[in-house]
Amino acid sequence: MGRCLSRRLQSWLLETISVKVSASGTLFFSIKTKRILIQLRSKRASYPLTWSLWGGKQEKNERPIETLLREIKEEMGNVPEIKKIYPLHKYSSKDGEFEYNSFCCLVDDEFIPELNTESAGYAWIEPGFWPRPLHNGAKGFLLSKTFKTKLSALVEYIEHNYASNNNKVS
């Protein structure tokens, strides 16, 4: 009995000590201008003064989309209506201790975000013309062939559905 309890305790301790971190982030895509909103991280953030996606770490029991929506509200205040949220990529570290879920939030038009202390600025940019320096994780993702292919397909889908539905995204 003591041995069984010891194994259960060991298992529980290993699960408790495990440091799995999950985070979610997004780019915003304007239907009207076909430009992307990107964030400049603040001086006090990790990887300070680098350009990245909007988002952050998961809180207990959140799903990635819940993390994303909470982080958007925290970092930007009120945002215009998000028409759709498209998953773009899921990064998992080799050791399995970190994962990052990337999304694209579709909005009708560009807007001015209300920045909190986690941001030093923002920019609406043409896709592919990324400002420098990029956050290392964002750089690997945004410059990848996979992302470029997904973004092109997404833009084509949005243009087709937006035009064919009298300015409404399906």
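Restricting to region 134-150, count the residues that are within 24 Å of E74 (Cβ to Cβ) and surrounded by fewer than 16 Cβ atoms within 10 Å (Cβ to Cβ).
The number of residues fulfilling the criteria is 1.
Report yes if I82 is on the phi < 0 side of the Ramachandran plot and under 12 Å from the mean Cα position of the chain (by Cα), otherwise no.
No, not satisfied.
I'd like the full set of residues that are open to solvent by 40 Å² or more (accessible area, probe 1.4 Å) and within 26 Å of F129 (Cα to Cα), limited to region 15-35.
Scanning region 15-35 gives K32, T33, K34, R35.
Which of (1) assigned to a strand (DSSP E or B); (2) farther than 19 Å from K20 by Cα; (3) open to solvent by less than 50 Å² (accessible area, probe 1.4 Å) is the odd one out, the single condition I82 does not satisfy?
The single condition I82 does not satisfy is (1).
Looking only at residues in region 53-66 that are within 9 Å of the chain's Cα centre (by Cα) and not in a loop (DSSP other than H, G, I, E, B), which one is surrounded by the fewest Cβ atoms within 10 Å (Cβ to Cβ)?
G56
Based on what the data block shows, is E126 open to solvent by 50 Å² or more (accessible area, probe 1.4 Å), within 18 Å of Q39 (Cα to Cα) and under 16 Å from the mean Cα position of the chain (by Cα)?
no
Is at least one residue of region 36-50 more than 13 Å from the chain's Cα centre (by Cα), over 21 Å from P131 (Cβ atoms) and assigned to a loop (DSSP other than H, G, I, E, B)?
No, region 36-50 contains no residue that is more than 13 Å from the chain's Cα centre (by Cα), over 21 Å from P131 (Cβ atoms) and assigned to a loop (DSSP other than H, G, I, E, B).
As an exercise: evaluate E97 against (1) under 16 Å from I38 (Cβ atoms); (2) in contact (Cβ under 8 Å) with a residue 24 or more places away in the chain and give the number of the one condition it does not meet.
In the conditions (1) under 16 Å from I38 (Cβ atoms); (2) in contact (Cβ under 8 Å) with a residue 24 or more places away in the chain, E97 misses (1) alone.
Among the residues of region 85-112, what is the count of those that are of a type in the set (G, A, S) and open to solvent by less than 30 Å² (accessible area, probe 1.4 Å)?
The total comes to 2.
Here are some conditions: (1) within 22 Å of S119 (Cβ to Cβ); (2) open to solvent by less than 60 Å² (accessible area, probe 1.4 Å); (3) free of Cβ contacts under 8 Å to residues at least 40 places away in the same chain. L69 meets all but one. Which one does it not meet?
Going through the list (1) within 22 Å of S119 (Cβ to Cβ); (2) open to solvent by less than 60 Å² (accessible area, probe 1.4 Å); (3) free of Cβ contacts under 8 Å to residues at least 40 places away in the same chain, L69 breaks only (2).
The values are calculated or read from the model by the stated rules, or taken from the named source; none is laboratory data. Bear in mind the structure is a predicted one, so any value in this text is a computation, not a measurement. Every residue, glycine among them, receives a Cβ derived from its backbone with ideal geometry; neighbour counts consider all protein chains shown. Ligands, DNA and RNA are stripped out before the accessible areas are found, and what is left, the full protein with its side chains, is counted by its heavy atoms. Shrake-Rupley method; radii C 1.70, N 1.55, O 1.52, S 1.80 Å.
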